[in-house]
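Note sheet for the following structure.
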Amino acid sequence: MPQLSVRVERFPIAGTFTIARGSKTEAVVVVARLEADGRAGEGECVPYARYGETVEGTVKTLEELAKAVSDGLDRTTLQAALPAGAARNALDCAFWDLEAKTHGTPVASRLGLVPPAPLVTAYTLSLDSPEAMARAARAAGRPLLKLKLGAEGDEERLAAIRAAVPQARLIVDANEGWSPDTLEARMAACARFGVELIEQPLPADNDAMLAQVKRPVTICADESVHDRHGLAALRDRYDAINIKLDKAGGLTEALALAQEGEALGFKLMVGCMLATSLAMAPALLLAQKAQVVDLDGPLLLARDRQPGIRYDGALAYPPTPDLWG
């Protein structure tokens, strides 16, 4: 039976990463490692305070499962042993990685999927002044930009960025930072400046207004959707869902969520937390069927783990087996 170990790693961010809820200068990740018969599988997660998670709590949760793993807990029984969230994600992805290495078969093949192809990923611009975000947009030189908004001056930010990069595709992430009073005006501004998608404009516990107004831009649920629970109830409020492995609790649930989301008529976006290539690797398999891909976490770090995902401009390439899967 596998033996589980857990470690915490820290990776400096290139500069400062700012969203409507605050700023950070490093990415703190938790890695679950499973070893059996001379092989090892790993999975990475990012505990998120917005969901009541801490690094210490996630480590404790995983360490308390070590005996259960050595006694036979597997990926299937894990789904009931832990709720959706960061801890289950790390262990679920570690199980997938170990299975692939044990059988000598890539995860994509084990899932019956075609070999993954390179995908265009969005590149995220931190919340800043209109002038600073416009400069960052020009410097990025990317075909698809994700703009962190959610504060006073968002229309000025949009105008400055669109003037700086008239050809770029734009998506917006408000991180629950808008209010019912500002929603319609800011959606209209997004439509005016050619924004293709808006993530989570209203707080997850105060998003009912989305069902009552005309939505001129595709509205994507992020904080409002974690796993399949309650997904059907979102159909009148959202047009798309952002699937993140840390929210769903791993690749296993994320695949099921994507399937149910498509069946319910949602467009799919696959996103990430601020993390390394080890976290992006399983998400890239899921992203093969997504309309929007946002897996730029390693690009925002001062250094990534090695080996890492290969990025060539806006293209993110599938992981090699020595990284994951």
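The values are calculated or read from the model by the stated rules, or taken from the named source; none is laboratory data. All values reported here derive from a predicted model rather than from experimental measurement. Cβ sites come from the backbone with ideal geometry, for glycine too, and all protein chains shown count toward neighbours. Note: accessible area is taken over every heavy atom of the protein model, side chains too, but ligands, DNA and RNA are not part of it. Shrake-Rupley method; radii C 1.70, N 1.55, O 1.52, S 1.80 Å.
The aspartates and glutamates whose alpha-carbon is closer than 18 Å to the alpha-carbon of residue 101, local same-chain residues fewer than 8 away aside, are 35, 37, 42, 44, 74, 92, 322. GNM on the chain, alpha-carbon springs under 10 angstrom: the most fluctuating residue among 263, 66, 81 is 263.
For region 97-227, just say rounded, prolate or oblate: build the C-alpha gyration tensor, square-root its eigenvalues into a ≥ b ≥ c, call rounded for a/c under 1.5, and beyond that prolate if a/b exceeds b/c, oblate if not. Because a/c hits 1.5 or more and a/b fails to exceed b/c, region 97-227 counts as oblate. Only helices enter the 222 nm calculation for the chain: every DSSP H run of n ≥ 4 contributes -39,500 (n - 2.57), and dividing by all residues gives -9000 deg cm²/dmol, rounded to 500. Solvent-accessible area of region 213-324 (1.4 angstrom probe, protein heavy atoms only): carbon and sulfur portion equals 48 percent.
Backbone geometry of region 217-222 corresponds, through the Karplus equation with coefficients 6.51, -1.76 and 1.60 at θ = phi - 60°, to 3J(HN,Hα) couplings of 10, 4, 9, 10, 7, 10 Hz, x marking Gly and Pro. Accessible surface for the chain, divided over its residues, is 41 Å² per residue with a 1.4 Å probe. Atom-type composition of the exposed protein surface of region 39-193 places 54 percent of the accessible area on carbon and sulfur (1.4 angstrom probe). Seen against the Cα atoms of the chain and their longest principal axis, helix 183-192 is set at about 80 degrees. Annotation for region 20-71: GluC sites (Glu not before Pro) lying in DSSP loop with at most 15 further Cβ atoms inside 10 Å of their Cβ are 64. Taking a straight Cα-Cα cut-off under 29 Å and skipping sequence neighbours fewer than 8 places away in the same chain, the lysines within cross-link reach of residue 148 are 24, 214, 244, 247, 267, 289.
From a point 7 Å beyond the Cα of residue 291 in the direction of its Cβ, which residues of region 242-257 have a backbone N at a distance under 12 Å? Only 242 pass the distance filter. Comparing 212, 200, 259 in a Gaussian network model of the chain where C-alpha atoms under 10 Å apart are linked, the largest mean-square fluctuation is found at 212. The residues neighbouring residue 205, those whose beta-carbon lies less than 14 Å from its own, together hold a net charge of -2 under the Lys/Arg +1, Asp/Glu -1 convention. Legend: residues 172, 165, sorted from most to least accessible area (1.4 Å probe; ligands, DNA and RNA excluded), read 165, 172. Subtracting the Cα-Cα distance of residue 214 and residue 302 from their residue separation scaled by 0.36 nm leaves 27.6 nm. Per-residue extension of 0.36 nm, minus the Cα-Cα distance of residue 229 and residue 322, leaves a gain of 30.1 nm for this segment. All other residues whose Cβ lies under 11 angstrom from that of residue 325 are scored, Lys and Arg at +1 and Asp and Glu at -1, for a net of -2.
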